[in-house]
Amino acid sequence: MSNENNTQLEASSVQEDTNLTPQEARQKRIEISQQLLQKLSEEFPTIFPQPKDGRPVALAIGIHKQLIPVVTEWGFSAVNLRSALSWYTKQLRYQQAVVHAPHRTNLDGTDAEIIDDEHRNLAKENVEKIQAILAKKNPERAKRKADNRAENRAPKNRKPKAARPNNAPAAKPAKQAPKEPLSLDEKMQSLLNKFNQ
């Protein structure tokens, strides 16, 4: 689609929006954003995964510049893209991705810049705010999640320690010779053994 056609589309949508109530205009923007995000998830599933398809990734700063030509070809405007990305990045899932990801991701799936502490801390604050809002909206669900987190943190199936007589001295650990570094396979097996105990 040419820039002239895009300009005409944007102008016509603006004219249509002037006849809408503010609530109708907001609903229309949401619908367009959802349509655009659906298309993005179909074309770039590793960058914009659906909730059932995996965790989102932290998007590279300036990724919208790479996406503008793509979405205009699909018939969406830069304003539609800005609105869709704004909605997408304000979700709890996305904010958690920024907290936990080591780096941002480019449109082609390659690693972009490392997430700095300022952005990570801002994302942590946003996660707390979103969780507080969700807890206020649905306190029963928030309580179930808190209970599940507490249950997951509690030690499970720990073997009781053998009792020793009160007058018996505590066993001293034997000195061990320094170990050679473990291979990746040995480390993985060790972790599996610990997990299965």
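The values are calculated or read from the model by the stated rules, or taken from the named source; none is laboratory data. The model shown is predicted, which means the values in this text are computed figures rather than measured ones. When we count neighbours, we look across all protein chains shown, and the Cβ atoms used for this are built from the backbone with ideal geometry, even at glycine.
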Task: the range 19-56: number of residues that are out of contact with any helix residue (DSSP H, G or I) (no Cβ under 9 Å at 6 or more places or on another chain) and assigned to a helix (DSSP H, G or I) - done: 8
Open item on the list: Residue under question is residue 60, and the condition is that it be surrounded by 14 or more Cβ atoms within 10 Å (Cβ to Cβ), touching a residue at least 40 places away in the same chain (Cβ under 8 Å), among the small types (Gly, Ala, Ser) and in contact with a helix residue (DSSP H, G or I) (Cβ under 9 Å, 6 or more places away or on another chain); does it hold?
Closed with: yes
Open item on the list: For the range 86-112, which positions are outside any loop (DSSP other than H, G, I, E, B) and over 22 Å from residue 69 (Cβ atoms)?
Closed with: 92, 93, 94, 95, 96, 97, 98, 99, 100, 103, 111
Open item on the list: Residue pairs, Cβ under 9 Å, 6 or more apart or interchain, first in the range 38-54 and within 15 Å of residue 108 (Cβ to Cβ) and touching a residue at least 60 places away in the same chain (Cβ under 8 Å), second among the hydrophobic types (A, V, I, L, M, F, W, C) and assigned to a loop (DSSP other than H, G, I, E, B). List them.
Closed with: 44/107; 46/57; 47/57; 47/107
TODO: Report yes if residue 9 is surrounded by 13 or more Cβ atoms within 10 Å (Cβ to Cβ) and modelled with pLDDT under 80, otherwise no.
DONE: yes
